[in-house]
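Undergrad: So that we are looking at the same thing, I have put the structure below in structure tokens.
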2 protein chains.
Amino acid sequence: MTDTITLSRPVADFHVHVRDGDMMKLVVPTIKSGGVSLAYIMPNLVPPLTSVDDVLAYKSRLEAVDPTITYLMTLYLCPAITPQVIHNAAKAGITGVKCYPAGVTTNSEYGVASYAPYYPTFAAMEQEDMVLNLHGECPSGQHIHVLNAEQEFLPTLKDIHGRFPRLRIVLEHCTSAAAIQAVKDCGPTVAATITAHHLFLTIDNWAGNSFNYCKPVAKFPTDRQALLEAATSGCPKFFFGSDSAPHPITNKEKGQNAAAGVFTQSHAAAYVAEAFDQLGKLDKLDRFLCDFGRQFYKVTPAQDEPSWTVVLKKQQNVVPRLLGQGPSAVAPFKAGETLNWKVEIVDAV
Amino acid sequence: MTDTITLSRPVADFHVHVRDGDMMKLVVPTIKSGGVSLAYIMPNLVPPLTSVDDVLAYKSRLEAVDPTITYLMTLYLCPAITPQVIHNAAKAGITGVKCYPAGVTTNSEYGVASYAPYYPTFAAMEQEDMVLNLHGECPSGQHIHVLNAEQEFLPTLKDIHGRFPRLRIVLEHCTSAAAIQAVKDCGPTVAATITAHHLFLTIDNWAGNSFNYCKPVAKFPTDRQALLEAATSGCPKFFFGSDSAPHPITNKEKGQNAAAGVFTQSHAAAYVAEAFDQLGKLDKLDRFLCDFGRQFYKVTPAQDEPSWTVVLKKQQNVVPRLLGQGPSAVAPFKAGETLNWKVEIVDAV
């Protein structure tokens, strides 16, 4: 029985929300404690990060909190992101551009309503070999709702891939069997991130439980099964992106308009180990957490040389009820529950 | 343009939760203010009402709060409800028996796991012409979740109907196109109640909004459309049962295990008028609210002779944020929103 796993490298988490200000100071230190050394940082601050300077300034604020983490940065796609901005961003070392359909999730109100105006931007990204991160949902409407919003987006994914076949695209936090299949059907420039919480949740878990409510919502048991199979398949198109999304508990414990997002950063690798262990697939864990994402993103050793090692140990690990205190405390995923896996950080001596 | 509707009789609401104790005292007075003179009272108190004496005692407590309402009473199906209890209940004037599948909704933990043991009870009910009220959901499991739980129950409905074709059965608070079709497919002894809130809600409305979370959950836009069509169709198999379910606001504003239920009692007829008006079907309103249910239940004039009249007026009507005060206050459906219809009670002079 495997009860100690030393990861080949610390985890690379290719979808991270750490906000700004006090929340950033609370959450950034949990990147390392969750077993992660490389964090791909989402740009949906208030206001969103729509210029190279804003992104670089944010990166500096993150580094001031924990300089041992590698932060890969993204721009928020909006009309300001012209081809010229893309060329400047590439020079400045910005890795990607995140595209939010307008109005589908937290701070997406400045997002995209139509993709065609961005084709010149996508062409510049393809030329610069930058990565396009797609929040793959259509806004709800007459026939679109939270359960088919991702599936309805898949033709758009395929269309953009068809127009820009060399553009690397990540379908973020995919949640459905249909999305898994669509990513497989695309060429090797299309990949997908899978979160920790979607390996556990289905619709029943967020019905009446806003702590488990996120966008895209967790779907049916068959969808969860497809995510588990993809994550543990050894296929390099599927890698870890936690979409860990901290919200003050006062924005979650509400009767209406509870914030969408599940916070998993503090125990990221432990949750994923738990899910893989339940399937007897721990042999696939390292590549999902540490390898496939770095490969797809072409991360170089120079970008990412942590001085510490992650050891996963099979032992009882009670998830705290809250991170932080008072009205801005954050409830972690599975708060109060006991995991069977624990992250240990071994610093170089 | 119709802007005043005098109902032929006050509304009959064939699915009412008013709880007990202080909550009962808060909620029972809203039966009349919602336009209702006849309330079919659910037995899922804590503990549930599983004897004739308990039901009659509860009825007395309700009458002590508002003696002008006609309360039709039900028993909670469990092993105590033998054929002999059915005969006694019929003699005591109890109208029906409510069957809750174990564990699917508020206070259903004493409910039914298998129907076959109750066939003798159903036979006695058929003999006494009592009504069986079915909460039509299967408990969630490997392949069953909150969105298909009702559809998966429909074979059970058809099976019970086939075994007891003269037993009057109401599929309570139906929420899906599949359920509407199943009720139509059955003989005339099978009917269904439709709530006010399911005429408005779909899955998007309860995602992150526990105030709109209820069991059965609101489903897809196509399901809502089927409910609207059934309610406004003039088919006597579909009639009003609000399933108004008051919960203290502290049990709704939670990050996990928010109570399932939407409170509509205080504005019941106004909500339904609003929905029918949006479809241009106000001509079907009176029969849905006042007529078809009484017909199916064989309510006699002697049982139900209110001294007052309900007039619906098309005028701006702001739904209060809360009914009551403090931690046990109840948030009504569409709290803070403005309805276009208002219930006026005209007492006989």
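The values are calculated or read from the model by the stated rules, or taken from the named source; none is laboratory data. As the structure is a computational prediction, the values presented were derived from the model and not from experiment. Because the Cβ atoms are built from the backbone with ideal geometry, glycine has one as well, and the counts that use them run over all protein chains shown.
Undergrad: Go over the candidates B:97, B:55 one by one and state the one that is at negative phi, in a helix (DSSP H, G or I) and modelled with pLDDT of 95 or more.
TA: The match here is B:55.
Undergrad: Can you pull out every residue in the stretch B:321-335 that is over 25 Å from residue B:282 (Cβ atoms) and assigned to a loop (DSSP other than H, G, I, E, B)?
TA: B:321, B:322, B:324, B:325, B:329, B:331
Undergrad: Looking at (1) touching a residue at least 60 places away in the same chain (Cβ under 8 Å); (2) on the phi < 0 side of the Ramachandran plot; (3) among the basic types (Lys, Arg), which is the one condition that is false for residue A:321?
TA: Every listed condition holds for residue A:321 apart from (1).
Undergrad: Here is a further query. For the stretch B:6-37, which positions are of a type in the set (S, T, N, Q), outside any helix (DSSP H, G or I) and in contact with a strand residue (DSSP E or B) (Cβ under 9 Å, 6 or more places away or on another chain)?
TA: Those that are of a type in the set (S, T, N, Q), outside any helix (DSSP H, G or I) and in contact with a strand residue (DSSP E or B) (Cβ under 9 Å, 6 or more places away or on another chain): B:6, B:37.
Undergrad: Can you find a residue that is hydrophobic (A, V, I, L, M, F, W, C) and in contact with a Gly (Cβ under 7 Å, 6 or more places away or on another chain) anywhere in the stretch B:175-189?
TA: yes
Undergrad: I'm told residue B:154 meets every condition in (1) on the phi > 0 side of the Ramachandran plot; (2) touching a residue at least 24 places away in the same chain (Cβ under 8 Å) except one. Can you identify the failing condition by its number?
TA: In the conditions (1) on the phi > 0 side of the Ramachandran plot; (2) touching a residue at least 24 places away in the same chain (Cβ under 8 Å), residue B:154 misses (1) alone.
Undergrad: Residue B:331 - would you say it is under 30 Å from residue A:263 (Cα atoms) and buried (at least 17 other Cβ atoms within 10 Å of the Cβ)?
TA: yes
Undergrad: Could you list, in sequence order, the residues of the stretch B:151-193 that are over 19 Å from the mean Cα position of the chain (by Cα), away from every other protein chain (no Cβ under 14 Å) and within 14 Å of residue B:135 (Cβ to Cβ)?
TA: B:156, B:160
Undergrad: What residue, among those in the stretch B:134-146 that are more than 18 Å from the chain's Cα centre (by Cα) and either under 21 Å from residue B:15 (Cβ atoms) or not hydrophobic (A, V, I, L, M, F, W, C) (or both), is surrounded by the fewest Cβ atoms within 10 Å (Cβ to Cβ)?
TA: My answer is B:142.
Undergrad: Moving on to the next point. Please indicate, with yes or no, whether at least one residue in the stretch B:175-186 is part of a strand (DSSP E or B) and surrounded by 24 or more Cβ atoms within 10 Å (Cβ to Cβ).
TA: no
Undergrad: Working only within the stretch B:103-150, note down all residues that are more than 14 Å from chain A (Cβ to nearest Cβ), among the β-branched types (Val, Ile, Thr) and in contact (Cβ under 8 Å) with a residue 60 or more places away in the chain.
TA: B:131
Undergrad: Could you check, for the stretch A:69-77, whether at least one of its residues is surrounded by fewer than 17 Cβ atoms within 10 Å (Cβ to Cβ), in a loop (DSSP other than H, G, I, E, B) and out of contact with any Pro (no Cβ under 7 Å at 6 or more places or on another chain)?
TA: no
Undergrad: What helices (runs of 4 or more DSSP H) completely inside the stretch A:218-316 contain at least 1 residues that are crowded, with 22+ Cβ neighbours inside 10 Å, within 14 Å of chain B (Cβ to nearest Cβ) and under 18 Å from the mean Cα position of the chain (by Cα)?
TA: By residue number, A:221-231.
Undergrad: Pairs please, first residue from the stretch A:194-212 and within 7 Å of another protein chain (Cβ to nearest Cβ), second anywhere and surrounded by fewer than 22 Cβ atoms within 10 Å (Cβ to Cβ) and among the basic types (Lys, Arg), Cβ atoms under 8 Å, 6+ apart in sequence or on different chains.
TA: These pairs meet every condition: A:210/A:254; A:210/B:254.
Undergrad: The conditions are (1) surrounded by fewer than 22 Cβ atoms within 10 Å (Cβ to Cβ); (2) over 24 Å from residue B:120 (Cα atoms), and residue B:11 fails exactly one of them. Which is it?
TA: Residue B:11 satisfies all of (1) surrounded by fewer than 22 Cβ atoms within 10 Å (Cβ to Cβ); (2) over 24 Å from residue B:120 (Cα atoms) except (1).
Undergrad: Quick one: how many residues across the stretch A:109-133 are assigned to a loop (DSSP other than H, G, I, E, B) and either buried (at least 22 other Cβ atoms within 10 Å of the Cβ) or at pLDDT 95 or above (or both)?
TA: Count: 2.
Undergrad: So residue A:61 ticks every box in (1) outside any strand (DSSP E or B); (2) within 17 Å of residue A:135 (Cβ to Cβ) but one. Which box is left unticked?
TA: (2)
Undergrad: Which of the residues that make up the stretch A:154-167 are within 11 Å of residue A:190 (Cβ to Cβ) and touching a Phe, Trp or Tyr at 6+ places or on another chain (Cβ under 7 Å)?
TA: Matches in the stretch A:154-167: A:160, A:164, A:167.
Undergrad: Considering each residue of the stretch B:153-179, count those that are within 15 Å of residue B:241 (Cα to Cα) and touching a strand residue (DSSP E or B) at 6+ places or on another chain (Cβ under 8 Å), and give that number.
TA: Count: 6.
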